[in-house]
Amino acid sequence: MQNDNLLRDGSGVAMLFSEIFGYSPTLCCFAPGRINLIGEHTDYNGGRVFPCAIHLGITAAAAPRCDGTWRFYSRNFQSDGVIVWDSTSWKSDGRWTDYPKGVICTFIAFGYSLPCGADVVFDGNLPDGAGLSSSAALEVLTGTLLKELFAIPVTPQQIAVMGQFAENRFIGVNCGIMDQFASAMGRRHHALMLDTHTLACEYAPIDSSMVSVVIINSGVKHSLASSAYNDRRRECESALAALCESGEKIPSLCSLTPEAFEQRRQAIPDEICRRRAHHAVYENSRTLQAARALREGDIETFGQLMKDSHLSLRDDYEVSCEELDFLAETAWKTEGVFGARMTGGGFGGCTVNLVRPEAVTEFIAQITAAYEARFGIRADSYVVTPSDGARRL
Ligand code: GLA
């Protein structure tokens, strides 16, 4: 893993490319990971999300080839060596290259013809499987590379949509659009309020003199996370289908206000599906309230909404775990913390914490010590800067 500066200007990955392939790359690109401040598991329910791209991410160096072959190498998966793919067919082999391959196949499926293959080297400082969207970053990065290498006229938003398509159809995780959208469309010092129904997006400034965004990585990864994620999505779809059975046309769970949901909730016969729907509807409403609070500079209210979000993810959506609950609960009790919650899909991964800047050092020291005492795991922490989306370096 390279240091942040080498990653940010692409010189580190360009050097690595020359070492691996013996010639210089023609271009370098970067795509960031993301955190989500609030609006969890709403993006496949037509709701709002409030993520920001972060300064951690993945960098790639690439050069086109004279034939249709692709050669991939990653500093983060050195033991895999150079992976060669002739691009004639899609076949998952469960390795990290399923993601770039999936995006290449998606571009072709969307009608973009690629004149040749390329040699590509990746390098990143995003912890893998920590819920900071390393897979979406890899997808958006590949899309950005294809755009730049072959002068394909696609917008960052289209790259996000194709990244999600690759994840859904090739990787088999039925994720929403949030992660890819944040990685493609992030803006420095801003969070992004996205309406996942219309893809309309507004940027909300995060004032770093008032609040620091701190990530604590639980270090826990649950192996069944992607199948449990798909289960949640199916449960929401069943809830929506039950609500529509009366003949009323409801486009998505998040099109309902909490009041409208309360009037109809008994139409969902299954108790688990009802709780999932309850989470989606109320989380969407919390996200709208949180955006309003941030606009008004009311970080205390924002923090309370984050806490309510975590509790709902724990109790109604059941995607938290003991380690994330401990981290969130410890943060709620710590001086200088406005709000804390699990971030991302759940089942392990990270918490996001909004902390008074002068309290950050003490907060990190206290929470990592408490976590180590309880679980014997030394948690990594990152103070992240809301950052720009994917770009050519
Ligand atoms: C994962 C998915 C996103 C979103 C979150 C939960 O990160 O990739 O689309 O559903 O979980 O909010």
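The values are calculated or read from the model by the stated rules, or taken from the named source; none is laboratory data. Here the structure is a predicted model, which means the values were calculated and not measured. Positions of Cβ are generated from backbone atoms using ideal geometry, with glycine treated the same way; all protein chains shown enter the neighbour counts. Note: accessible area is taken over every heavy atom of the protein model, side chains too, but ligands, DNA and RNA are not part of it. Shrake-Rupley method; radii C 1.70, N 1.55, O 1.52, S 1.80 Å.
Considering only the stretch 107-128, I want to know if a residue exists there that is of a type outside the set (A, V, I, L, M, F, W, C), within 22 Å of residue 172 (Cβ to Cβ), modelled with pLDDT under 95 and not in a strand (DSSP E or B).
Initially, the stretch 107-128 is screened for residues of a type outside the set (A, V, I, L, M, F, W, C), giving 111-113, 115, 117, 119, 123-125, 127-128.
If we keep only those that are within 22 Å of residue 172 (Cβ to Cβ) as well, we get 128.
In the following step, the residues that additionally are modelled with pLDDT under 95 were identified as 128.
Those still in the list that are not in a strand (DSSP E or B) too: 128.
Yes, that holds for at least one residue.
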Checklist entry - Under the condition of being β-branched (Val, Ile, Thr) and over 18 Å from the mean Cα position of the chain (by Cα), which residue from the stretch 197-214 is surrounded by the fewest Cβ atoms within 10 Å (Cβ to Cβ)? => result 198
Checklist entry - Among the residues of the stretch 219-236, is there at least one that is within 16 Å of the ligand (Cβ to nearest atom), open to solvent by 40 Å² or more (accessible area, probe 1.4 Å), of a type in the set (Phe, Trp, Tyr) and under 23 Å from residue 139 (Cα atoms)? => result no
Checklist entry - From the list 294, 305, which residue is more than 30 Å from residue 222 (Cα to Cα) and buried (at least 16 other Cβ atoms within 10 Å of the Cβ)? => result 294
Checklist entry - Do we find a residue being open to solvent by less than 50 Å² (accessible area, probe 1.4 Å), of a type in the set (D, E, K, R), modelled with pLDDT of 95 or more and closer than 30 Å to residue 336 by Cα anywhere in the stretch 269-281? => result no
Checklist entry - If you go through the stretch 114-137 one residue at a time, how many are of a type outside the set (A, V, I, L, M, F, W, C), open to solvent by 10 Å² or more (accessible area, probe 1.4 Å) and away from the ligand (no atom under 11 Å from the Cβ)? => result 5
Item to check | Output for the stretch 142-174, where each listed residue is under 22 Å from residue 201 (Cβ atoms), more than 16 Å from the ligand (Cβ to nearest atom) and in contact with a Cys (Cβ under 8 Å, 6 or more places away or on another chain) | outcome: 144
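What strands (runs of 3 or more DSSP E) lie completely within the stretch 10-93 and have 1 or more residues being under 24 Å from residue 129 (Cα atoms), touching a residue at least 24 places away in the same chain (Cβ under 8 Å) and within 16 Å of the ligand (Cβ to nearest atom)? Can you show your working first?
Values: elements: 27-36, 51-64, 70-74, 83-85.
It comes to 27-36, 51-64.
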Checklist entry - When residue 154 is evaluated against the numbered criteria (1) open to solvent by less than 30 Å² (accessible area, probe 1.4 Å); (2) under 27 Å from residue 228 (Cα atoms), which criterion, by number, is the only one it fails? => result (2)
